[in-house]
């Protein structure tokens, strides 16, 4: 089996390390040549509750041809500019909306799988990732691409995998939950679990998730369980995790707020529905990005 993981951030480092350690021929793709050279030499240090191991995936500036699977874990705002191999199954596990559509325009919808992951990881430093909590990774065909090989590869690497026939539903579920957790964690500079301990913040998180769920409903998505309760469960399960948005703010990087809250606002405007709380947190995070 051959797999490439695009993106050397927290999730990309976690997935590439786990794939490589499982014996899968793994390539980690990094667009920065100097960092790619350092990672090739140092490997990826994976920190878990059981200790620290070092994985040695190959590191390259682009995904090689002949892969059985390419997993995209870059920031959402870079998706449209990716260079991808031909005739290869491409799986997005990214945050936000519109990543699938961008990948379909690059490689064709028949090669694209859409998915989500509830794995939680923190990038401690370059080439050093801490696995904070395990969670389900869900994959499904966007149109006609079989998810079988992707599920086999991820399962071999030790991930808990579920195949879904409704990946769009799963994407909206994650976006709605992220729209409540990520911006507030970034704005308050706290780990996920802290959001439940502050009464007013907890209520605001619930309100943000409800706003997002209403917009999902305009696109035909209905949820059989409470996304608010699921968001609170995730905060408990990943209490010590530093959200990707907060990691970006702390590092002075651009966040994915546009792909999450910004995209919810855009779709709300198309449906003529108000999202006042989502708009405020979007504006505040954009302000933090500009400092």
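Here is a list: 236, 222. Which entry is part of a helix (DSSP H, G or I) and surrounded by fewer than 22 Cβ atoms within 10 Å (Cβ to Cβ)?
So the residue among 236, 222 that is part of a helix (DSSP H, G or I) and surrounded by fewer than 22 Cβ atoms within 10 Å (Cβ to Cβ) is 236.
The residues of the range 120-157 that are assigned to a strand (DSSP E or B), over 16 Å from residue 21 (Cβ atoms) and either outside the structural domain of residue 21 (by TED's automatic domain parsing) or touching a residue at least 40 places away in the same chain (Cβ under 8 Å) (or both), listed by number, are 120, 122, 123, 124, 132, 133, 137, 139. Exactly one residue out of 7, 23, 51 is exposed (fewer than 14 other Cβ atoms within 10 Å of the Cβ) and in contact (Cβ under 8 Å) with a residue 40 or more places away in the chain, and it is 23. Annotation: of all residues in the range 263-283 being under 30 Å from residue 12 (Cα atoms) and in contact (Cβ under 8 Å) with a residue 24 or more places away in the chain, the one that is surrounded by the fewest Cβ atoms within 10 Å (Cβ to Cβ) is 267. All of 127, 140 fail the test of being closer than 27 Å to residue 33 by Cβ, buried (at least 20 other Cβ atoms within 10 Å of the Cβ) and in contact with a helix residue (DSSP H, G or I) (Cβ under 7 Å, 6 or more places away or on another chain), apart from 127. Any chance the range 189-209 includes a residue that's more than 22 Å from residue 12 (Cβ to Cβ) and modelled with pLDDT under 95? There is at least one residue in the range 189-209 that is more than 22 Å from residue 12 (Cβ to Cβ) and modelled with pLDDT under 95. Look at the range 68-82 and say how many of its residues are more than 26 Å from residue 1 (Cα to Cα) and surrounded by fewer than 19 Cβ atoms within 10 Å (Cβ to Cβ). Of the residues in that region, 4 qualify. Against the conditions (1) over 23 Å from residue 246 (Cβ atoms); (2) surrounded by fewer than 19 Cβ atoms within 10 Å (Cβ to Cβ); (3) within 20 Å of the chain's Cα centre (by Cα), residue 28 satisfies every one except (2).
The values are calculated or read from the model by the stated rules, or taken from the named source; none is laboratory data. Keep in mind that this is a model prediction, so the values were computed, not measured. Positions of Cβ are generated from backbone atoms using ideal geometry, with glycine treated the same way; all protein chains shown enter the neighbour counts.
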